[in-house]
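A.B. asks: Mind looking over this structure? Questions follow.
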Amino acid sequence: MRIGIDVGGTFTDFVLLEDASGRTRTYKCLTTPRDPAQAIEEGLQALAREDPGCIARLEEVIHGTTLVINAIIERKGARTGLLTTRGFRDVLELGREIRYAAYDPFAQMPEPLVPRERRLEVDERLRADGSVLKPLDEAQARAAARELGRLGVESVAVCLLNSFENPAHERALGKLLAEELPRASVSLSYDVLPQIREYERTSTTVTNAYVKPLTGSYLRRLRGRLKEIGFRGRLFIMLSSGGVTSAETAAEYPVRIIESGPTAAVIAGQYYSRLFDTPEMFCFDMGGTTAKSCLIQNGEAAVVPTFEVGRVQRFQKGSGLTIQVPVVDLMEIGAGGGSIARASRLGTLQVGPQSAGAEPGPICYGRGGAEPTVTDADLLLGYLDPAYFLGGTMRLDAEGARRGIEEQVARPLGVTYLEAVWGIHDLINETMAAAAKTHIAERGGNPQLVTVAAFGGAGPVHAYGLAKKLGAPRLVVPPNAGVGSALGFFTAPRAFDLVRSHKVPFDGADFAKLEALFRELEAEGERTLRRAGAEGAVQFARSVEARFVGQGSETALPVPPGDFAALDPAALRRRFDEIYARLYGRTYPESPVEFVNFCVRASLPVQLLSLPKLAARGRAADALKGERSAYSGSARRFVPHPVYDRYRLAPGAEIEGPAIFEERESTVIVGAGARARVDDFGFLWVTLPKD
């Protein structure tokens, strides 16, 4: 037995899987932001009451967490110091010297995680090829380390110029810091990110150091709690790149799990895309705080080498801290069930990006929330049953939600109550659709060809409206969609990504030496997996990042398995030109090319899920729970909606919209003119009407 646990901003989701039969058991509870491990323990105890002894039978706990990104956003990490080469003290503030809002004189940049007084320089210098220009002055470096101790640092980042070619000076500083500051954790840039680009490497290493003590403490505490309640298996953590690694590796490199939680739904969508041979799938995961989405093409979600966190302007590119680690190419916007609706200063309706979160939550939760949210509107539109939220364990307050929307939205805007309620629901759909169209177009997709796959507690409520605005022909909602992202943990490979920079011209490169570099990376990747308890043959996927000489960005080029030295250089160059031309419309065969980064993904074969098929249980009418009046966007009024129990729907059942399908953790809304069909595995396939 295995369990996937996804800690979100509002809810914590659990999926318990029995591998032999494919049977699952689910649970959902409110997140405990002050101590996420508390909600995890509560959820496991609740599952144990339903299935006595299940905790002792667990072999694996696979966990996705927002702890790291929250610590960065809320600035609750360790007191961190930086040691860097003399002359590079201010790299964190200089950045790329690019203004994200060129015409805004008041635009703010994010404050560095390490203030200037705790950024100290050491005397040393390496050339671009790694040779020593100036030896490390150990006496001066020791004095700098002691100064950091006097400043009370708890964690130290070490990032020296050109150390990705030669780590000798960083290794020496690591040893020196262990002697001078034995209680402080240390992050060396050669271990965290041995790549070119000084700002990105420094920012990533500092971020790793900033959250390393907190992450280590949390994972130790979590392991302790799991042990106390009888868990004797292994604890794994989801990586931002879509793989799964050990808790020990995650504690050493916490910067790699910043997008740990949101990635799980994408990995589940990737699995379904392959399972159902759906080449263009738009994975849409809407929870209580944010909506995450990703275009999956030919069964693969794109992985990008860099992203931003802690943006000053939340959705303004360039206004955050740059992190250069592999991460699934997600689009995230502030659109969740807890997104707050209000009248803006311009007299228009505004929904999000601020969220009520888990504490206090929407008004209808009855937990002290005073600001109206998307969930409040969904309840008042008839889409949610106040007596069946979370399977009836949490009753919703419709009257409180109504008062909040009337007083804080309808009256200030001078609109009717119904216009305000529908406006909240429709505006959040419009916001998500606009962002989704851009995301899909930037990746060469077509919104009118994608199949929308819905996950999250709020995703199935809004997926139909989103799909209509995209012009998508089809929508699929998996069983237990409300905790569907947690199912992604079981389809993710045990994997670890490694990158090393070594800039060398393509013409005249010694391919035998480059093969040796690949082998070093593969050996390091295998050691990482073995330390995590990996058994069986480790697989390796190689790629290089190359560019035209003088260019400022690289193009990823997959490399076939086998001896790199045996490759035909002319064929490799032709492959580079083909990829470049596909991306940018043309290429430059006469211009020289250089290798920059060498990349390896070490992984174990994916353990495939055995999805159980539904037993035939009669007609669709047998699953009918009753009828509820709910708002129809096309009719612009409340109309009767048949309400179905998803757990009782038989395979092959076909139902005409409008209709509502209820589960414990989520509700699916299907509009008029659409047709819903249940497949053998319980997936709900909705064909949208053609306008």
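A.B. asks: Starting from 0 in steps of 10 Å, tell me what percent of the Cα-Cα pairs of segment 1-141 lands in each bin.
C.D. replies: That works out to 9, 24, 19, 17, 17, 13, 1, in percent per bin.
A.B. asks: Further question on the same structure: Please state the shape class of segment 332-463: rounded when a/c is under 1.5, otherwise prolate if a/b exceeds b/c and oblate if not, all from the C-alpha gyration tensor. Don't skip to the answer; put the middle values down first.
C.D. replies: Working: a/c = 2.08, a/b = 1.36, b/c = 1.52.
In terms of gyration-tensor shape, oblate.
A.B. asks: Quick one: check the C-alpha center-to-center distance for segment 503-520 versus segment 619-683, whole angstrom.
C.D. replies: 59
A.B. asks: Against the longest alpha carbon principal axis of the chain, how many degrees, from 0 to 90 and to the nearest 10, is the axis of helix 417-442 turned?
C.D. replies: That helix lies at roughly 40 degrees to the long axis.
A.B. asks: How many angstrom lie between the Cα centre of segment 568-584 and the Cα centre of segment 164-191?
C.D. replies: With segment 568-584 and segment 164-191 each reduced to a Cα centre, they are spaced 39 Å.
A.B. asks: Tell me, what % of the accessible area of segment 297-403 is carbon and sulfur with a 1.4 angstrom probe?
C.D. replies: Values: 2080 of 4420 Å².
Summing carbon and sulfur atoms, their accessible area is 47 percent of the total for segment 297-403.
A.B. asks: Another question, if that's okay. Per residue, how large is the accessible surface of segment 163-241? Use a 1.4 angstrom probe and give square angstrom. Provide the component values of the computation, followed by the final result.
C.D. replies: Numbers: 2840 Å² over 79 residues.
Normalised by residue count, the accessible surface of segment 163-241 is 36 Å².
A.B. asks: List the relative contact order of the chain as a percent without decimals, with contacts defined as Cα pairs under 8 Å and 6+ residues apart. Numbers along the way, then the final one.
C.D. replies: Numbers: 1558 pairs, mean separation 82.8, N = 691.
Answer for the chain is 12 percent.
A.B. asks: So, one more: Rg and Dmax in Å for segment 248-329, alpha carbons only: what are they?
C.D. replies: Every Cα atom of segment 248-329 included, Rg and Dmax give 14.0, 41 Å.
A.B. asks: Something else now. I'd like the accessible area for Asp6, computed on protein heavy atoms only with a 1.4 Å probe and all protein chains in place. Round to 10 Å², please.
C.D. replies: Only protein atoms counted, so the area is about 20 Å².
A.B. asks: Something else about it: What angle do you read, to the nearest 10 degrees and between 0 and 90, between the alpha-carbon axis of helix 36-50 and the longest principal axis of the chain?
C.D. replies: Once rounded, one gets 50 degrees.
A.B. asks: Count the net charge of all other residues whose Cβ sits under 12 Å from the Cβ of Asp378, scoring Lys and Arg as +1 and Asp and Glu as -1.
C.D. replies: Values: positive: none; negative: Asp376, Asp385, Asp426.
Net of charged neighbours comes to -3.
A.B. asks: Accessible area per residue of segment 562-691 at 1.4 Å probe, in Å²?
C.D. replies: Working: 6480 Å² over 130 residues.
Result: 50 Å² of accessible area for each residue.
A.B. asks: From the Cα gyration tensor of the chain, with a ≥ b ≥ c the square roots of its eigenvalues, which class applies: rounded if a/c is under 1.5, or else prolate if a/b is larger than b/c, or else oblate?
C.D. replies: Numbers: a/c = 1.70, a/b = 1.59, b/c = 1.07.
Prolate is the answer for the chain, as a/c is 1.5 or above and a/b outweighs b/c.
A.B. asks: For Ser189, what is the net charge nearby, where nearby means another residue's Cβ is under 13 Å from its Cβ and Lys, Arg count +1, Asp, Glu -1?
C.D. replies: Here the charged neighbours net out to -1.
A.B. asks: Ok, one more. Would you list which lysines come within 25 Å of Lys292, measuring only between C-alpha atoms, while excluding same-chain residues fewer than 8 positions from it?
C.D. replies: By straight Cα distance, Lys292 reaches Lys28, Lys76, Lys317, Lys437, Lys468, Lys469.
A.B. asks: Here's another thing I want to ask about it. Dipole size in debye (nearest 20) for segment 271-386 around its Cα centre, Lys and Arg Cβ +1, Asp and Glu Cβ -1? Could you put the intermediate results ahead of the total?
C.D. replies: Values: 8 positive and 12 negative charges, 96 e Å.
For segment 271-386, the charge dipole is close to 460 debye.
A.B. asks: Once the dipole of segment 53-95 is set up with Lys and Arg at +1 and Asp and Glu at -1 on Cβ about the Cα centre, which of Ala71, Val61, Thr84 lies farthest towards its positive end?
C.D. replies: The Cα lying farthest towards the positive end belongs to Thr84.
A.B. asks: Continuing with the same structure: With runs of 4+ DSSP H residues as the only contributors, calculate the mean residue ellipticity of the chain at 222 nm using -39,500 (n - 2.57) per run, divided by the residue total and rounded to the nearest 500. If you can, show how the numbers build up before the last one.
C.D. replies: Numbers: 17 runs with 207 residues, N = 691.
Calculated mean residue ellipticity at 222 nm is -9500 deg cm²/dmol.
A.B. asks: Shape call for segment 137-212 from the C-alpha gyration tensor, a ≥ b ≥ c root eigenvalues: rounded (a/c under 1.5), prolate (a/b greater than b/c) or oblate? Intermediate results must be reported in sequence, preceding the final value.
C.D. replies: Details: a/c = 2.06, a/b = 1.35, b/c = 1.53.
It is oblate, given that a/c is not under 1.5 and a/b is not larger than b/c.
A.B. asks: Here's another thing I want to ask about it. About the Cα centre of segment 190-346, how large is the charge dipole given +1 on each Lys and Arg Cβ and -1 on each Asp and Glu Cβ? Please answer in debye to the nearest 20. Walk me through the numbers before you get to the answer.
C.D. replies: On the way: 18 positive and 14 negative charges, 150 e Å.
Value, rounded to 20: 720 debye.
A.B. asks: Write down the percent of antiparallel bridges among all DSSP beta bridges whose residues are both part of the chain, to the nearest 5.
C.D. replies: Values: 87 of 121 bridges.
Around 70 percent of the beta bridges assigned by DSSP in the chain are antiparallel ones.
A.B. asks: What's the longest bit of the chain with no exposed GluC sites (Glu not before Pro), using DSSP loop states and at most 13 other Cβ atoms within 10 Å as the test?
C.D. replies: Details: sites that count: Glu59, Glu74, Glu97, Glu535, Glu590.
Answer - 98-534.
A.B. asks: Rounded to the nearest 10 degrees, what's the angle between the helix 511-531 long axis and the longest principal axis of the chain, both from Cα atoms, 0 to 90?
C.D. replies: Between the helix axis and the principal axis of the chain, the angle is about 50 degrees.
A.B. asks: If you don't mind, there's one more thing I want to ask. Probe 1.4 Å, all protein chains in place: accessible area of Asp104 in Å², nearest 10?
C.D. replies: In the full protein context, Asp104 sits at about 60 Å².
A.B. asks: How high is the relative contact order of segment 117-203, in percent, counting Cα pairs under 8 Å that sit 6 or more residues apart? Before the final figure, lay out each step's value.
C.D. replies: Working: 120 pairs, mean separation 24.4, N = 87.
Once normalised by length, the contact order is 28 percent.
A.B. asks: Of the options Thr12, Ser293, Leu427, report the single residue whose Cα projects farthest towards the positive end of the charge dipole of the chain (beta-carbon charges: Lys, Arg +1; Asp, Glu -1).
C.D. replies: Value computed over the given set: Thr12.
A.B. asks: Sort Phe88, Phe576 by heavy-atom solvent-accessible area, probe 1.4 angstrom, most to least.
C.D. replies: Listed by decreasing accessible area, they come as Phe88, Phe576.
A.B. asks: Using a 1.4 angstrom probe on heavy atoms only, work out the carbon and sulfur share of the accessible area of segment 570-667 in %. Write out the running numbers ahead of the final one.
C.D. replies: Values: 2610 of 5030 Å².
Here carbon and sulfur together make up 52 percent of the probe-accessible area.
A.B. asks: Something else about it: Please report, in debye to the nearest 20, how large the charge dipole of segment 119-278 is about its Cα centre when each Lys and Arg carries +1 at its beta carbon and each Asp and Glu carries -1 there. Write out the running numbers ahead of the final one.
C.D. replies: Working: 22 positive and 20 negative charges, 151 e Å.
Its charge dipole is roughly 720 debye.
A.B. asks: When only C-alpha pairs under 8 Å and at least 6 residues apart count, what is the relative contact order of segment 468-627, in percent?
C.D. replies: Numbers: 194 pairs, mean separation 60.7, N = 160.
The normalised contact order for segment 468-627 reaches 38 percent.
A.B. asks: How large are Rg and Dmax for segment 41-98 when only the alpha carbon atoms are used, in Å?
C.D. replies: When restricted to Cα atoms, segment 41-98 yields Rg and Dmax of 21.6, 62 Å.
A.B. asks: How many angstrom separate the Cα center of segment 255-285 from the Cα center of segment 1-20?
C.D. replies: With segment 255-285 and segment 1-20 each reduced to a Cα centre, they are spaced 16 Å.
A.B. asks: How many percent of the accessible area of segment 176-219 is carbon or sulfur, using a 1.4 Å probe?
C.D. replies: Numbers: 620 of 1210 Å².
Here it works out to 51 percent.
A.B. asks: Right, another one. Segment 467-525: percent of C-alpha pairs farther apart than 14 Å? Kindly include the intermediate steps, with their values, before the conclusion.
C.D. replies: Details: 1281 of 1711 pairs.
When every Cα pair of segment 467-525 is considered, 75 percent fall beyond 14 Å.
A.B. asks: What does the net charge come to around Glu665 if you take all other residues with beta carbon closer than 9 Å to its beta carbon, with K and R at +1 and D and E at -1?
C.D. replies: Working: positive: Lys28, Arg664; negative: Asp13, Glu663.
Net of charged neighbours comes to 0.
The values are calculated or read from the model by the stated rules, or taken from the named source; none is laboratory data. Fair warning: this is a prediction, and the values are worked out from it, not measured in the lab. Here Cβ is always computed from backbone atoms with ideal geometry, including for glycine, and neighbour counts include all displayed protein chains. Ligands, DNA and RNA are stripped out before the accessible areas are found, and what is left, the full protein with its side chains, is counted by its heavy atoms. Shrake-Rupley method; radii C 1.70, N 1.55, O 1.52, S 1.80 Å.
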